[in-house]
Amino acid sequence: SGKVGRRNNGEIEPLQRFADAKKILGEIYDDLNGYVNETECFYNALKEFDPTTMQEKAYEEIQDIRESIRMIIDTFQRDNMKVVFFGRTSNGKSTTINAMLHSKILPQGMGHTTCCFLQVQGTSDDDGFLLLDERPSQIPLNELGKIGHALSEDNSYLPAMGQDSLLRVMYPKRENRLLQNDVVILDSPGVDLSPQFDSWIDKHCLDADVFVLVCNAEATLTQAEKSFFYRVSKKLSKPNVFILNNRWDASAADDNVEQVRSQHLTRFKQFLVDELQVCSSLEVQNRVFFVSSREVLDSRLKARGLIEKAYEMDGYQKRAYEFNQFERQFEQCISRSAIRSKFEAHARRADELVHRVRNNVDEVYGDTLARKETFERELEESTKEFNNCRHNFSAFEKAYREQTEGLQAEVHLKVSADYYE
Ligand code: GDP
């Protein structure tokens, strides 16, 4: 919910920038496509006029270029900003995602162990639906609890699904600002469920722009949580990692809450800066947040009139503020990363294509010009020869006239002489 555009302070929405980049790139590719089509029309005409001038190679290349443009336009229309959520089961991944979406979209709660990857993305459809990668047909949205529930007995979809299967939750775009702006959210099975990290990463994370680790503020980072990020940073260069210390409400009543917070911070700093080397010590304050996703979700549901009473512990405003700060940093980070990783490559491709079209038309133009010069030279020579021939004929004609004049007189004389004789 909420309008896209500018923030109150006039700053352009970071998420909007991704859409803007997509629009600009779309216009560039449309223009390029127009010029290439026009060029192809000329080539067709040239081919018809003089098949020897139109080089087959250049003709085929321009068709290749047109096809590449079409494919690129197709790909970047589908490009999105992707965030992947990780953490142990029950740390609150689903609750955090729901809070960010201002709705209870994903099943949450003890025992609702997500048994596969759940990807929430926007659809222009009014109702929304589920899609399993292995099945072509749509599944009603309300089956989500059943399919996503690892422990569910009555699950006719499960046999076809492994832990790294993907279930897409196609949710109506109009309901949410993140989905409207092409943000795609991936919820992973808990890292404590003996995961095959490498296949997870290869299958689902190579195109991720941001990773969010949802921790339980009451516990320390486990080896499984750390191992996952070691693998990620091996495969992706400098991944963007956020850490949410969730359930911070549960520590609110502690006397030594500030001390616990600073201990956590020290440990996360060491993990992100020294061990993973994914950010500088200055950046850490914009990467680690102490929040209560449950409180935020409740207050957002209440604001929409969906529940009457929100869960709120002492000091919830501070945690809510920190959650907002997280979202702000997250939006900036994901937009910057997605524009860089997705559009820079397309912009580079556009450069290459422009260069190829330029070479191609120059070459064909050069050939046509050369053909024209040869043609003109040949025409000139044959005109000259023809003119010579014309001159010769004139000389002959003149001589003939002179000759025939005498001849005629002679013939005439002879005839009359014969007659009068
Ligand atoms: P997941 O397995 O990581 O997706 O965890 P869930 O989102 O399903 O959350 C597990 C349980 O923890 C649910 O009952 C949530 O209501 C609860 N929970 C999630 N976030 C918080 C929080 O910030 N504070 C408290 N007190 N409980 C939370």
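The values are calculated or read from the model by the stated rules, or taken from the named source; none is laboratory data. Keep in mind the model is a prediction, meaning the values are calculated, not measured. Counting neighbours? That spans all protein chains shown, and the Cβs are built from the backbone with ideal geometry, glycine included.
Observations on the structure shown:
- Met100 vs. criteria of a type in the set (A, V, I, L, M), modelled with pLDDT of 85 or more and surrounded by 16 or more Cβ atoms within 10 Å (Cβ to Cβ): yes
- Taking first residues from the stretch 96-118 that are under 18 Å from Asn245 (Cα atoms) and within 8 Å of the ligand (Cβ to nearest atom) and partners that are among the hydrophobic types (A, V, I, L, M, F, W, C) and modelled with pLDDT under 80, no Cβ contact under 9 Å between residues at least 6 apart in sequence or on separate chains turns up.
- Single residue of the stretch 136-154 satisfying the filter (modelled with pLDDT of 75 or more and assigned to a loop (DSSP other than H, G, I, E, B)) that is surrounded by the most Cβ atoms within 10 Å (Cβ to Cβ): Pro140
- Check on Arg300, within 16 Å of the ligand (Cβ to nearest atom), among the basic types (Lys, Arg) and within 31 Å of the chain's Cα centre (by Cα): yes
- Condition met for Ser341 (among the small types (Gly, Ala, Ser), under 30 Å from Met81 (Cβ atoms) and in a helix (DSSP H, G or I)): yes
- Here Glu60 passes the criteria (1) at pLDDT below 95; (2) part of a strand (DSSP E or B); (3) away from the ligand (no atom under 16 Å from the Cβ) except the one numbered (2).
- When residues of the stretch 304-320 are limited to those that are among the basic types (Lys, Arg) and part of a loop (DSSP other than H, G, I, E, B), the one surrounded by the most Cβ atoms within 10 Å (Cβ to Cβ): Arg304
- Residue selected from the stretch 181-197 under the condition within 16 Å of the ligand (Cβ to nearest atom) and touching a strand residue (DSSP E or B) at 6+ places or on another chain (Cβ under 8 Å), by the criterion farthest from Gln121 (Cα to Cα): Val191
- Only one of Arg371, Arg401, Arg358 that is touching a Ser or Thr at 6+ places or on another chain (Cβ under 8 Å) and farther than 30 Å from Leu178 by Cα: Arg371
Rundown of residues vs (1) of a type in the set (Ser, Thr, Tyr); (2) touching a helix residue (DSSP H, G or I) at 6+ places or on another chain (Cβ under 6 Å); (3) within 15 Å of the ligand (Cβ to nearest atom), yes/no style:
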{"residue": "Leu276", "(1), (2), (3)": "no, yes, no"}
{"residue": "Gln285", "(1), (2), (3)": "no, no, no"}
{"residue": "Phe290", "(1), (2), (3)": "no, yes, yes"}
{"residue": "Val296", "(1), (2), (3)": "no, yes, yes"}
{"residue": "Glu308", "(1), (2), (3)": "no, no, no"}
{"residue": "Tyr311", "(1), (2), (3)": "yes, yes, yes"}
{"residue": "Gly315", "(1), (2), (3)": "no, no, yes"}
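Results for (1) closer than 22 Å to Phe117 by Cα; (2) of a type outside the set (Phe, Trp, Tyr); (3) away from the ligand (no atom under 11 Å from the Cβ), shown as yes or no for each residue.
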| position | (1), (2), (3) |
| --- | --- |
| Ser199 | yes, yes, yes |
| Asp209 | yes, yes, yes |
| Ala217 | no, yes, no |
| Thr222 | yes, yes, yes |
| Ser227 | yes, yes, yes |
| Lys234 | yes, yes, yes |
| Ser237 | no, yes, yes |
| Ala252 | no, yes, no |
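- Of all residues in the stretch 308-330, those that are over 9 Å from Val291 (Cα atoms) have Cβ atoms under 8 Å from Cβ atoms of residues that are part of a helix (DSSP H, G or I) and away from the ligand (no atom under 13 Å from the Cβ), 6 or more apart or on another chain, in Glu308/Lys302; Lys309/Lys302; Ala310/Lys302; Gln329/Asn286.
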